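Everything on this sheet refers to the single structure shown next.
The values are calculated or read from the model by the stated rules, or taken from the named source; none is laboratory data. All values reported here derive from a predicted model rather than from experimental measurement. Here the Cβ positions follow ideal geometry from the backbone for every residue, glycine too, while neighbour counts run over all protein chains shown. For accessibility, only protein heavy atoms count, side chains too; no ligands or nucleic acids. Shrake-Rupley method; radii C 1.70, N 1.55, O 1.52, S 1.80 Å.
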Amino acid sequence: MRVAFYSDNLYPELSGITDSIITTGEELRKRGHDVVYVGPWYPKKAYKEGRNADRDKLPIKHLPSLPMPNAPTGQTRIVIPSGASIRFLAKFQPDIVHTQTPYGAGLEALLASWFLGVPLVGTNHTPIGEFVHYVPFGRQLTPIARRFDAWYYNRCRFVSAPYQGLIDEMRTVGFKRNGRAQANPVPHMKKFPRKAEGRTILCSGRLATEKQVDVVLQAFALLLKRMPEKELIITGRGAAEPGLKTLTKTLGIEKQVRFVGFVVQEELAKLYAHSDIYVIMSTAETQSLSLMQAFANGMPAIAVRSRGLIDYTKEDRGLLVAPGDAVALAKRMEELFQSKELRDRMGAAGMKFVETLSPSKIAEDWETIYKEVLG
């Protein structure tokens, strides 16, 4: 098969969406399929932290784009839908156009699919209501944006989302097409022997408002009153970083918290190996690649009871707490630190679970879906 992926999140942008698209596409290529990517043009500064020599070789068609105002990563751009990819796609002759976003690149995919008569398959990665604070009048525009998502994905032959709840939400505002949950793959990551010493909490990913890292800091401050020897490591960068650093000082915990910024994959793998508990309180996750990588590295997790994290953090491999509940989070941290046996058991369960989300398994799932659409 010949598959064209369209997305407003693409290399070199640092995001879980980027990683899932490229990982799936590369695995399909290994299985004998032809794959190309269509996405925004990025300026040179966007490659500063996201540069990856292997991804420089990817077959990507870059389209005219505009920067997204107040983008959480500072990298995000939106394709200007103009039909500029149609000639490129006509030469590629795809069997499937797979759109990953409903806006700029998504509309471009819709144009190309219609013009060339190629089936359109869609994936919705984003609960749009969680990101309204990035645009003016976002709260007022949310109902319109949700209806637009449903309208757009009704143009697809099949639609997936990382968790079923996102499909169900779209159905409440008019989505009627065939759709279901389909997990994103967990990329292979170099693993190091676990050397956790029963003292370190890890929180990784983009530092943005919806990630609720401030709740993690508040809970950690409460934990230190009972377990003063613990430490918290926070990776990533983002617009919320200055405020979070100020909060650590306000809470008087700056000596026990390390902000390490952006780290390359090998260094991130070392952090997973040397940490005991993974914490994620983001209310905007449909799956969370960072959480999946924590499971893959044998870490138990504490996650917020919200959206996709409910589906992916079952009781055998993690604990759930209510959104914004720092007190409950602190208690769960203490509970895990008090029992190495519990941490080890959950860590083993997480590793076993992630095997079901390997790139080869997810690529096989997509092969089946594409054949059903074409058949």
Open item on the list: Contact order normalised by length for the stretch 214-291, with contacts defined as Cα pairs under 8 Å and 6 or more residues apart; what percent is it?
Closed with: 35 percent
Open item on the list: Taking mean projected area of the Cα convex hull in nm² straight from the coordinates, which label in (1) 24.9; (2) 20.3; (3) 17.7 is the correct one?
Closed with: (3)
Task: For the stretch 234-299: accessible area per residue (Å², 1.4 Å) - done: 38 Å²
TODO: State which entries of LYS230/LYS314; LYS191/LYS270; LYS195/LYS230; LYS255/LYS331 exceed 19 angstrom in Cα-Cα distance in the structure shown.
DONE: LYS230/LYS314; LYS255/LYS331
Task: Structure-based [θ]222 nm, the chain - -39500 (n - 2.57) summed over DSSP H runs of at least 4, per residue, nearest 500 - done: -12000 deg cm²/dmol
Task: Anchor LYS57: lysines whose Cα lies under 23 Å away (excluding residues fewer than 8 positions away in-chain) - done: LYS30, LYS44, LYS45, LYS48, LYS91, LYS190
Task: Kirkwood Rh in Å, taken over the stretch 260-309 so that all alpha-carbon pairs contribute - done: 11.4 Å
Open item on the list: Using only the Cα atoms of the stretch 12-96, what semi-axes does the equivalent ellipsoid have when each is the square root of 5 times a gyration tensor eigenvalue? Give whole Å, largest first.
Closed with: 22, 18, 11
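How would you order 294-301, 4-11, 356-363, 248-255 from highest to lowest mean count of nearby Cβ atoms within 10 Å?
4-11, 294-301, 356-363, 248-255
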Open item on the list: Tell me whether the stretch 157-219 comes out rounded, prolate or oblate; compute the Cα gyration tensor, take square roots of the eigenvalues as a ≥ b ≥ c, and use a/c under 1.5 as the rounded threshold.
Closed with: oblate
TODO: Could you pull out every one of the aspartates and glutamates with an alpha carbon less than 15 Å from that of LYS361, ignoring same-chain neighbours closer than 8 positions?
DONE: GLU26, GLU27
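Roughly speaking, to the nearest percent, how much of the chain's 1.4 Å accessible area is carbon and sulfur?
Carbon and sulfur atoms account for 53 percent of the accessible area of the chain.
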- [ ] Pop a pseudo-label 7 angstrom from the Cα along the beta-carbon direction at both LYS44 and ARG87 and give the gap in nm to one decimal.
- [x] 2.7 nm
Task: Cα point-scatterer Debye curve for the stretch 173-318, base-10 log of I(q)/I(0) at q = 0.09, 0.13, 0.21 Å⁻¹ - done: -0.29, -0.59, -1.45
Task: In the stretch 196-251, the GluC sites (Glu not before Pro) that fall in loop regions by DSSP, at most 13 other Cβ within 10 Å - done: GLU197, GLU229
